[in-house]
1. Name the single residue, out of those in the stretch 65-96 being more than 13 Å from the chain's Cα centre (by Cα) and either β-branched (Val, Ile, Thr) or modelled with pLDDT under 70 (or both), that is nearest to residue 35 (Cα to Cα).
2. Given the conditions (1) surrounded by 14 or more Cβ atoms within 10 Å (Cβ to Cβ); (2) aliphatic (A, V, I, L, M); (3) at pLDDT below 70, and given that residue 108 satisfies all but one, which numbered condition is not satisfied?
3. So is residue 39 at pLDDT 85 or above and either among the β-branched types (Val, Ile, Thr) or exposed (fewer than 14 other Cβ atoms within 10 Å of the Cβ) (or both) or not?
4. Report, by residue number, each residue of the stretch 30-48 that is in contact (Cβ under 8 Å) with a residue 24 or more places away in the chain and assigned to a strand (DSSP E or B).
Amino acid sequence: MLEGWSTLGQDLSMEEHLYYRDVEEDTCWYREEYLQNTLAISAYGDACLLLLSPEVVDGNGEWECWKLASWYPGAARYQSFETWMIESYKRHVEWISEEHEFQWHSAVLNELNKKN
C-alpha cells in the first residue's frame, strides 16, 4: 500500500528533514528511506493513514508522526503524535466554529497555541 508514496520522497539531509514546513501546503519533503520503518497506528480509513517514524525522535523521546492521505502528494509530517493531535484538534475547532458560527472557549485555543 505504501508503494505510491515511496517514490515521492526527497533525498534530504537530516537537517532538511527536520525543517517542518506548512503541513497542508508542502507534503513532499520527507526522507523516502524512513517510510519503510514507520509504524502504522491507524487503519487505512477515509483514504488516510497515520504513521510514527522511529527514525526521528524528539528530545522527549516522541517519534515523528506522518499522515499519508489521498489528497496529499506526499506525507504531512509532525514533530510528534502530540503535535499532530493538537494541530488536528485546533483545525477541527476552527472548522466547527466557522461552519456553525459559534465561538469555542478561547482559553482552550490559547492554551493549545502556547504549546506550538
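The values are calculated or read from the model by the stated rules, or taken from the named source; none is laboratory data. Computed from a predicted structure; not experimentally measured. Cβ sites come from the backbone with ideal geometry, for glycine too, and all protein chains shown count toward neighbours.
1. Looking at residues that are more than 13 Å from the chain's Cα centre (by Cα) and either β-branched (Val, Ile, Thr) or modelled with pLDDT under 70 (or both), I get 93.
2. (1)
3. Working: at pLDDT 85 or above: yes; either among the β-branched types (Val, Ile, Thr) or exposed (fewer than 14 other Cβ atoms within 10 Å of the Cβ) (or both): yes.
So residue 39 fits the description; yes.
4. Result: 31, 39.
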